[in-house]
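What follows draws every value from the coordinates through simple rules; no lab data is involved. Model, not experiment: these values are computed from the prediction. Heads up, the Cβs are rebuilt from the backbone with ideal geometry, glycines too, and the neighbour counts pull from every protein chain shown.
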There are 2 protein chains.
Amino acid sequence: MRAGNVTLYDVAAAAGVSPKTVSRVINGAAGVSAATREQVQATIDELNYRPNFHARSLRVGRDEAIGVVLESLSDPFFATMASVIEEQALERGHVVLASSVGGDPEREHKLVQNLLQRQVSGLIMVPVSRDQSYLRAAAGQTPVVFVDRPARSADGLGTTVLGDDFGAAAAATEHLLHSGHTEIALIGDRPDVYTTAERIRGYRSALAESRVGVREDLIKTGVSSAAEARRALDELLRSERPPTAVFSSNARCSLGVVPALHARGRPDIAFVSFGDFPMADSLYPAVTVVDQDPAAVARTATQELFKQLDGAPAAEAPLSLPLRLVARGSGEIPLAAVTRP
Amino acid sequence: MRAGNVTLYDVAAAAGVSPKTVSRVINGAAGVSAATREQVQATIDELNYRPNFHARSLRVGRDEAIGVVLESLSDPFFATMASVIEEQALERGHVVLASSVGGDPEREHKLVQNLLQRQVSGLIMVPVSRDQSYLRAAAGQTPVVFVDRPARSADGLGTTVLGDDFGAAAAATEHLLHSGHTEIALIGDRPDVYTTAERIRGYRSALAESRVGVREDLIKTGVSSAAEARRALDELLRSERPPTAVFSSNARCSLGVVPALHARGRPDIAFVSFGDFPMADSLYPAVTVVDQDPAAVARTATQELFKQLDGAPAAEAPLSLPLRLVARGSGEIPLAAVTRP
DNA sequence: AACTTCACCGGCAACGAAGCCGGAGGAATG
DNA sequence: CATTCCTCCGGCTTCGTTGCCGGTGAAGTT
């Protein structure tokens, strides 16, 4: 009854069979008669034997778990992605070992390296650091799926699943332009983040298309938390030529912009958020968003990983999922409704 | 340059030393001259050697990672807990392997068992199933900290860190009573969940204290998603004697109740949410909540775990953290303001 | 009767790393 | 000069499991 250091060998001794037979039983392998299988199973239960995963993985050369490394769990986008991946993986019998990098690029390397050293069966990750070439060492060993953004310096190392950031950002900006706005501010993350860069590109492209100049002073980047977003918005509103519409390039920023708009008593300013978030449809006005559909991204990512686990090669071109604009009110406020202070 | 199957033995051969010396170098152990250490390190870098964690853990009998099993990442309470735990653990050099049970009690056993079989250094978990006695097998081997609710049939198996659910629920209910409400509905999870039970108990206690009878038809339990919460609220509003105030026993439910109140055009109904959520202060009316302070819970939990890792015994009594009520508006709507249909 | 076939089972070695001990060599000590 | 001591290092063994092979006995085949 002492601790869990019961080994396969102990079970074998107690059951009067060889360790190999016990191994066969716990792995459901053939070559064991029903009688002995039952008998061995009984002593396993009796001794409360649990196989040592490290020993197994060492021998087999694979950990059956799959690794997941996301950016941040405080972003609803990644949080639901994590849930969906876990759900899907478990259905197939894989346990998920997840971690998040929390905005620290060094942590990505560390965490991924750690999972790789555990020889996980597969890896789903959001590439946040500026270089994933370190994955080259694991090439061919471990299937990898990149989500949300492509990896850098890691061609052919895995499949990529992402949303159409450029297109959707352009559509969102056009949406605001259609309501008459021309002074459209953008609040977003660091521009060296792929998704942010693409969304800014879409924003600029839409403005250029409709012959509205880009006002650089209306672009606030490097905003990585709700608190900073709040400050950025305050700054914009206090400027000489404040914007009449705001485009937030991610949900985390929106979580700061919306409260700030409310606190400032400016529900009249048009607003579109890239990325949905809880309560967005219960606010006043309800928030118009680009729905990134994290569940869909997660589903295709896991399915893509499973394909690779089943021997299929990694898709060479990134899988780009279409995003749709969900008009709820805040993005449809006409220019005329904006009260100039 | 072929894959990552470079072993310690390969490094030893290339560096012209024994495997043992290489082992000493990668573990920073004493007994190696600066010269050879440097030389070994050089060939490690050259061969791009990475130790095999399974082999190491098998030999050492411990995985330096710490395991975390939470209920659901879609609940902001658990999501921020996960973030904080990870942050803290990494500071101390531990990688976190996280999973969530997603409301399935069987998954808890499976996931925890899995982490235990990996011989993680420590475990932080939300006990969701009705029995954690299976942890007895790991007793003394792996320090465990239970968060959010106590374990069952697992006395002395670990420390428990939780919030004062009973007291805070009673306070929230009293808060509504003070505004004149007597028909206060409760929407919550399954009552066999400890926290839910405690909160219902607090609710009942407050009603009894102030001599307001408990109307059983106003208590909707077994509500485990936002969608179900929405339905539950609809049902309440359609009843003959609808409530004038609603108390949601967790954030997940609130995420359904609030949109439903808005959709029904009933911002006049008083509302208090157990558990804060993003945007709660930007809604109209802003939502009065019981702040569970997940970050504080997570911090004390990890610190408690670290204490145990450093040899301290598990605290016998649960650590109960005080919770505070954050009045924002929705909970202070007076009875008089409610428009009877 | 001699042979193949098959289901069932056991022995041995190996996965990759660390623990334990022992040994060589130089410096310090008597 | 002999002895002790300490530093640096290597060999053998072990962790718990599975892969590879080989063996045994009963049943079926010619």
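Couple of notes before you dig in:
- Kirkwood Rh in Å, taken over all unlike Cα pairs in segment B:33-178: 17.7 Å
- With Cα atoms as the point set, segment B:182-341 shows a radius of gyration and Dmax of 17.4, 63 Å.
- Relative contact order, percent, segment B:253-341 [alpha-carbon distance under 8 Å, six or more residues apart]: 37 percent
- Ranked B:59, A:204, A:252, criterion: other C-beta atoms within 10 Å, fewest first: B:59, A:204, A:252
- Distances between copies of residue A:263, taken at a point 7 Å out from Cα along the Cα→Cβ vector and listed shortest first: 3.1 nm.
- Average partner coverage of B:77-86, which counts Cβ from other chains inside 10 Å: 4
- Inter-chain Cβ neighbour count for B:152-162, averaged per residue, equals 0 (cutoff 10 Å, partner chain atoms only).
- Cleavage-rule hits, GluC sites (Glu not before Pro), segment A:1-77, DSSP coil, Cβ neighbours within 10 Å at most 10: none
- Two-site FRET efficiency, residue B:64 against residue A:91, from Cβ-Cβ distance with R₀ of 25 Å, rounded to 0.05: 0.25
- Panel note: the C-alpha atoms of the protein assembly as shown, placed on their principal axes, show extents of 78, 68, 49 Å (largest first).
- Percentage relative contact order, chain B, counting C-alpha pairs under 8 Å, at least six apart: 17 percent
- Between helix A:194-209 and chain A: long-axis angle, C-alpha atoms, 0 to 90°, nearest 10: 30 degrees
- Between copies, residue B:129 shows label-point distances of 3.7 nm, shortest first, with the point placed 7 angstrom from Cα along Cα to C-beta.
- Inter-label distance, nm, simple model (7 Å from Cα along the C-beta direction), residue B:231/residue A:319: 3.1 nm
- Put simply, segment A:292-341 fits an ellipsoid with semi-axes of 42, 10, 7 Å; these come from the alpha carbon gyration tensor as the roots of five times its eigenvalues, largest first.
- Per-residue Cβ neighbour counts within 10 Å put A:86, B:198, B:183, B:316 in the sequence B:316, B:183, B:198, A:86, beginning with the fewest.
- Database remark: amide H of residue A:147 closer than 5 angstrom to the amide H of A:125, A:126, A:161 (H placed geometrically; neighbours at sequence offset of 5 or more, or on other chains; Pro and chain starts carry no H).
- Per-selection Rg to Rh, chain A - Cα, Kirkwood hydrodynamic radius: 1.14
- Bridges between two residues of the protein assembly as shown, per DSSP, are antiparallel at a rate of about 10%.
- Candidates A:170, A:35, A:15, ranked by Gaussian network fluctuation over chain A, Cα under 10 Å, top entry: A:35
- Among beta bridges from DSSP that stay inside chain B, the antiparallel ones total about 10%.
- Over all distinct Cα-Cα pairs of segment B:197-279, the Kirkwood formula returns a hydrodynamic radius of 13.2 Å.
- Annotation for residue A:60, label-to-label distances across the other copies: 2.3 nm (shortest first, one decimal, point 7 Å from Cα along Cα→Cβ).
- Neighbour-count order for A:118, B:238, A:266, fewest beta carbons within 10 angstrom listed first: B:238, A:266, A:118
- Using θ = phi - 60° in the Karplus curve 6.51 cos²θ - 1.76 cosθ + 1.60, the 3J(HN,Hα) couplings for segment B:235-247 round to 4, 4, 5, 7, 5, 5, 10, x, x, 9, 8, 10, 10 Hz; x is entered for Gly and Pro.
- Its alpha carbons considered, segment B:35-77 gives a radius of gyration followed by a Dmax of 18.2, 54 Å.
- The P(r) of segment A:9-60 has a tail past 18 Å containing 24 percent of all C-alpha pairs.
- Segment B:1-147, dipole about Cα centre (Lys/Arg Cβ +1, Asp/Glu Cβ -1), debye to the nearest 20: 640 debye
- Rounded to whole numbers, the Karplus 3J(HN,Hα) couplings from phi for segment A:112-129 are 5, 4, 4, 5, 5, 5, 7, 6, 4, 5, x, 9, 10, 9, 9, x, 9, 6 Hz, using 6.51 cos²θ - 1.76 cosθ + 1.60 with θ = phi - 60°, and x at Gly and Pro.
- Estimated purely from DSSP H runs of n ≥ 4, each contributing -39500 (n - 2.57), the mean residue ellipticity at 222 nm for chain B is -13000 deg cm²/dmol once divided by its residues.
- Backbone geometry of segment A:45-51 corresponds, through the Karplus equation with coefficients 6.51, -1.76 and 1.60 at θ = phi - 60°, to 3J(HN,Hα) couplings of 5, 4, 7, 6, 6, 10, x Hz, x marking Gly and Pro.
- Per-q log10 I(q)/I(0), segment A:238-306, q = 0.12, 0.22 Å⁻¹ (Debye; single scatterer per alpha-carbon; no solvent): -0.39, -0.92
- Only Cα sites of segment B:281-320 enter the Debye sum here, all with the same form factor; the resulting log10 I(q)/I(0) across q = 0.14, 0.21, 0.23 1/Å is -0.48, -0.72, -0.80, listed in q order.
- With the gyration tensor restricted to C-alpha atoms of segment B:173-237, the semi-axes of the equivalent ellipsoid amount to 20, 15, 9 Å, longest first.
- Taking amide H atoms as placed 1.01 Å from N in the peptide plane, the amide H of residue A:63 lies under 5 Å from those of A:120, A:121, each 5 or more residues away in sequence or on another chain.
- Value in Å of the Kirkwood radius, where segment B:113-215 supplies the Cα pairs that are averaged: 15.5 Å
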